[in-house]
Amino acid sequence: MSGEAMRERVMTEADTCREFVTPRLVESGWSVAPHAIGEQRTFTNGRIIVAGGKVRRGKQKRADYLLYYRRDFPLAVVEAKEIGLPAETGVQQAREYAEILGLKFAYATNGHRIIEIDYTTGTEREVERYATPAELFARLTAETHLSPNTAAHLLEPFNLVSGKVPRYYQQIAIHRAIEAILLGQKRILATLATGTGKTCVAFQICWKLWNSRWNRTGEYRRPKILFLADRNILVDDPMAKMFAPFGDARHKIAGGDVSQSRDMYFGIYQALSTASEDVFRQYRPDFFDLIIIDECHRGSSRDESSWRAVLDYFEPAVQFGMTATPLREESRDSYEYFGNPVYTYSLRQGIEDGFLAPYRVHRVITTVDAAGWRPSKDELDRYGREVPDEEYQTKDFERVVALRSRTRAMARHLTDLLKGTDRFAKTLVFCVDQEHAAELRQELLNLNSDLVKQYPDYVCRVTADEGAIGLTHLAHFQDVDKPTPVILTTSQLLTTGVDAEMVKNVVLARVVGSRSEFKQIIGRGTRLKVDYGKEYFNIIDFTGTATRHFADPDFDGEPALIEEVTINEGGEQIGVTEIETETPPDAPAIEYEHPEEQIGPNTGILINEPPVEPRKFYIDGGEVEVIGHLVYDLDTDGKKLQVVRYTDYSGRAVRTLYPTRDALQSAWANPDTRAEVLRELTERGISFEELATSSDQPDADPFDMLCHLAWNAPLLTRRQRAERARRQTQDLFAQYGDTAREVLALLLDKYIERGIIQFNVLSDLMKVQPFDRFGSPSEIATRHFGGVKGLKEAVSRLQSAIYQ
């Protein structure tokens, strides 16, 4: 074998890239500006995995190369393998990354051979060289039917003044929306889960079209754009922050101010169409080139909607709708109006990529929610009215009949949960109405009086009634550097448009009949703030809403483990059960005879219409207990697990990885392969600390615990295994001097005390007591075991004996 061949045999993937792949990409012109070669580009953050109370990141997705036609416009991905492997080895991963990134071209190579994957033609073939930037872009524009002049709008750079580069899925949404606009599509839809940055997508679309002077008439001028929503908070925040680079080109249509000299307009339906006049008619129907409709599922696309008149009037404009709600009955109007989305990025994918926080669902059940409530004979309410003799269920509570004891039990249980975890974890509580929000706030305030003394705003109600004071509370709640308010009670006002990154608990104290509204509420908790300790969030569900609505695995992913917690009338936990359940069919939205809140005509916020007389029955007496608390966990694949005990799930996961006990024992006994076993178990959410707690076996060896759960094998304690190992390794102990034997004996003692996992980092273990009295790890190895290799061999034999 020649020296060159020998050298290639030992080349790593990095060597192959440096010596073979990069030079050939340079030869094809990819390093010449404005084109660029992006090496080792990570495009996901890695899924957050919560196991045993500990949080870790899953593996990030990283492309070996991304080939850019312009700074912000990638054309192809290249997957490289070391030169000793066939080029075909990288084909599947190249395809996977290209499809995730929305690219039409991919390459797989081992340095010598190049396989080209062309999605525009559906072909995969070996080629002599990489296509040039001009060649790939010509193929792309031919497939999309974009002319070179039109494509210039697509290539306009992003505005990166904020320092935030759009994530890969945002770039796809931006480019696909603009491509649809350039191809003449008049109505366009993008579906992106709450918390994934729809405002960023809208801004970059507007910026690219505005800066490149696109308009629907083809004139050389900047476009007129309208950003439209149904609440002030949804337009004020983007206008002030994200859209700040537009400067004086911005204008908000409010109070009849219909300036027509700006380019970037913001408005809410209520300001454009008031009770007295249609303000929007002061603009010509063809005034706007583009209209961005945020949260478009909330009514404007319905034929019978009064707000539909705004979109119909501006029919000449391109209309781009954004929603977090996938196609369901309650969002069908949006899809019929706009058509199928040009791009969908789901909650499930956001969690999988590590851009959104995973969640744990706590289903808390009270006695009256489980069995219903019926008044005693001739029972009178707070106002002396006789309560109709009927069976009242969860949907009736706080709407037909208000049970103060139920509200008190909810508050007690939530308070205990916070006391057991983090009393300063930002918490949003969604109540039935403003009155319910006030009562729950009062109960929570009294239960947390020790903190309220120090922080008067520890618990606040934020509804339309609070006005400016409530908005101040909300601003402080959103501020990551302000500790309070901690708990906000609300009804409808905070379901959308509230970007509070530190929300760790979303509490459902009311039934949410609409799945789209449910997704919006859950979106309050999906923001990540890892540097502040926000890595996942809890959904605390007192009404069964979450159980009912998490029935959309493709879009949402699903919670997995259900733990049912029972509480008494004092809100104290009296039992924990883990059960299997089936997801019930979707419940229809609930219609109420006396809707408590509605949208104000000009404000875009919710207002309250006070009832003439009490509209529900108020029961101040009685006792209500919590009798169940279920906890659902997302598994590491974002798929729903059968709702079984954690120990049962762990046993099943072990059998999936290792069909037999011998297979697991072989991998576990070897220190080198044990690390891989531990990695695979951790990625499946299996924690030995949690297993030991769940099974009440704190002294069991992890290996025995796994075998017991997977194959019902007998459980041995670590002490039993250690004593057996001493007997079986007498020859090992005999071949060393006194100090070496003492070191090995101490290692067994440490195993009894803390388990085998500590052996994975032997050098760190031997730096601390009691080993440090024998010297440093290297000194121990040299003086007593004949070197590092001898020490490793001795420890390896000891571990093998433990699991023999």
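The values are calculated or read from the model by the stated rules, or taken from the named source; none is laboratory data. As the structure is a computational prediction, the values presented were derived from the model and not from experiment. Methodologically, a virtual Cβ is constructed for each residue, glycine included, from the backbone with ideal geometry; neighbour enumeration extends over all protein chains shown. Quick note on the areas: whole protein, heavy atoms, side chains included, nothing else; ligands and nucleic acids left out. Shrake-Rupley method; radii C 1.70, N 1.55, O 1.52, S 1.80 Å.
Here are the numbers for this structure:
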| read-out | value |
| --- | --- |
| Gain in span if fully extended, Val32 to Lys792, counting 0.36 nm per residue against the direct Cα distance | 268.4 nm |
| Prolate/oblate/rounded label for region 441-527 (Cα gyration tensor, a/c 1.5) | prolate |
| Thr123/Asp662 FRET efficiency (R0 41 Å; Cβ-Cβ; nearest 0.05) | 0.30 |
| ³J(HN,Hα), Karplus 6.51/-1.76/1.60, whole Hz, each residue of region 161-166, x for Gly, Pro | 4, 6, x, 9, 7, x |
| Val452 paired with Arg655, simple spin-label distance in nm, labels 7 Å along Cα-to-beta-carbon | 5.2 nm |
| When each of Lys61/Lys504; Lys186/Lys241; Lys750/Lys792 is checked by Cα-Cα distance, pairs over 19 Å | Lys61/Lys504; Lys186/Lys241 |
| Inter-label distance for Gln442 and Asp648, nm, one decimal - labels placed 7 Å from Cα along Cα-to-Cβ | 4.4 nm |
| Per-residue SASA entry for Thr121, accessible area with 1.4 Å probe, Å² rounded to 10 | 90 Å² |
| Estimated inter-spin distance, Asp257 and Glu680, nm [label 7 Å along Cα→Cβ] | 6.5 nm |
| Karplus-derived HN-Hα couplings along region 788-804 (A = 6.51, B = -1.76, C = 1.60, θ = phi - 60°), whole Hz, x at Gly and Pro | 4, 4, x, 5, 4, 5, 5, 5, 5, 5, 5, 5, 4, 5, 4, 10, 5 |
| Computed E for Glu39/Glu96 - FRET, C-beta separation, R0 22 angstrom, nearest 0.05 | 0.70 |
| Residue-span extension gain [Ala309 to Arg741] - 0.36 nm each, minus C-alpha spacing | 146.8 nm |
| FRET efficiency, Arg176 to Asp699 (Cβ-Cβ, R0 45 Å, nearest 0.05) | 0.20 |
| Rounded if a/c under 1.5, otherwise prolate or oblate - region 453-492, Cα gyration tensor axes | prolate |
| Segment Asp672-His476, extension gain: residue separation times 0.36 nm, minus the distance between their alpha carbons | 65.5 nm |
| Where a label projected 7 Å from the Cα of Glu19 along Cα→Cβ would reach, residues of region 76-91 with amide N under 15 Å | 81-85 |
| Region 343-385 - Rg over Rh from alpha carbon coordinates, Kirkwood radius | 1.44 |
